[in-house]
1. Could you name every one of the helices (runs of 4 or more DSSP H) located completely within the stretch 219-277 that has at least 3 residues being closer than 23 Å to residue 199 by Cβ?
2. What residue, among those in the stretch 82-108 that are more than 17 Å from residue 158 (Cβ to Cβ) and not hydrophobic (A, V, I, L, M, F, W, C), is surrounded by the fewest Cβ atoms within 10 Å (Cβ to Cβ)?
3. Restricting to the stretch 95-127, name every residue that is free of Cβ contacts under 8 Å to residues at least 60 places away in the same chain and hydroxyl-bearing (Ser, Thr, Tyr).
4. List the strands (runs of 3 or more DSSP E) inside the stretch 25-90, counting only whole elements, that have at least 1 residues being more than 18 Å from residue 102 (Cβ to Cβ).
5. Can you name the residue in the stretch 34-77 that is in contact with a strand residue (DSSP E or B) (Cβ under 9 Å, 6 or more places away or on another chain) and charged (D, E, K, R) and is also nearest to residue 266 (Cα to Cα) among such residues?
6. Quick one: which residue in 111, 65 is surrounded by 16 or more Cβ atoms within 10 Å (Cβ to Cβ) and out of contact with any helix residue (DSSP H, G or I) (no Cβ under 7 Å at 6 or more places or on another chain)?
7. How many residues, within the stretch 163-186, are of a type in the set (Asp, Glu) and without any contact (Cβ under 8 Å) to a residue 12 or more places away in the chain?
8. Out of (1) in contact with a Gly (Cβ under 8 Å, 6 or more places away or on another chain); (2) assigned to a helix (DSSP H, G or I); (3) β-branched (Val, Ile, Thr), the odd one out for residue 196 is which?
Amino acid sequence: MQLGMKDKLSLVLICVVTLACPSSAIAETLEIPGTGACEAILNELASAFNQQNPKDRIVIPPSIGSGGGIRLVGTEENNVGRVARPIKIEEMKYDLSYLAFAMDPVIFAVGKGVGVNNLTQSRLVDIFSGRIRNWKEVGGKDAPIRVLVREPGDSSLDVIIVNIPDFAKIVFDDTAKMLYHDHEMVEMLNKYKMSVGWVTLSTVNASKNSMRPIAIDKVFPSRENILTGKYRMIGRYALVYKEKQLTPLARKFIDFIFSDSGRGILEKSGLIPIKKR
């Protein structure tokens, strides 16, 4: 059968489009919204994955909180979300899978001018409640304590409350500076030399600033103390998703996180990898 001129032109056009835009060359993108607590480490993992898989692209957008990530996955606007807390009862309606991939200690950190290396739980409660306002009252220099806090519902604050229940009773006064992101806490701890606040250990390790973690009841957040259970203020980072909605790219990235390469990146950042269950 011979083709007419019009048919030949159409066939040529189809061939040109196919050659210019082969489906195999179109990168697939997976965006993972959610908490800011593990934003930095997931950016590292995504960068390493993207380098190894140039036809795919993992994107870690700015934080919208664990709740925001859960909602977007629950309403199927996104395939996978990132969280730094368990799924709450009221979020169970979304029927999401929860896959923890790393442990990250929540620590109290102080500015470089603070000469205190250890505080008891009761002293921490007194400091953040405003009953203790000068470092000399806890064995430090004669200087006002600059208290830095996070907003109610912060995932690190939730970890603290589980381990120091009296923290739940604290009403932060106007002298405490309220912050809303981990990077803000890092900046303020570095700026205010006599400050105290809380943040994740991996954030401290990655910041390369002058702030430093302190021991609680003489237990320092060392890797050994974390693994043996002596240090108990541990947060967990996890991915949430609907099993039936997972794309091949999402499964591929999850496998990468739990691979030797992914675990190496986690450990280098000071995190403790969790085995896939």
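1. 223-227, 260-268
2. Among those that are more than 17 Å from residue 158 (Cβ to Cβ) and not hydrophobic (A, V, I, L, M, F, W, C), it is 93.
3. Across the stretch 95-127, the qualifying residue is only 122.
4. Here the list reads 28-31, 56-59.
5. Among residues in the stretch 34-77 that are in contact with a strand residue (DSSP E or B) (Cβ under 9 Å, 6 or more places away or on another chain) and charged (D, E, K, R), the one nearest to residue 266 (Cα to Cα) is 39.
6. None of the others qualify; the one that does is 65.
7. Of the residues in that region, 2 qualify.
8. With respect to (1) in contact with a Gly (Cβ under 8 Å, 6 or more places away or on another chain); (2) assigned to a helix (DSSP H, G or I); (3) β-branched (Val, Ile, Thr), residue 196 is out only on (2).
Laboratory data are not the source of any read-out in this text; all were calculated from the coordinates shown. Since this is a predicted model, take the numbers as computed values, not measurements. Methodologically, a virtual Cβ is constructed for each residue, glycine included, from the backbone with ideal geometry; neighbour enumeration extends over all protein chains shown.
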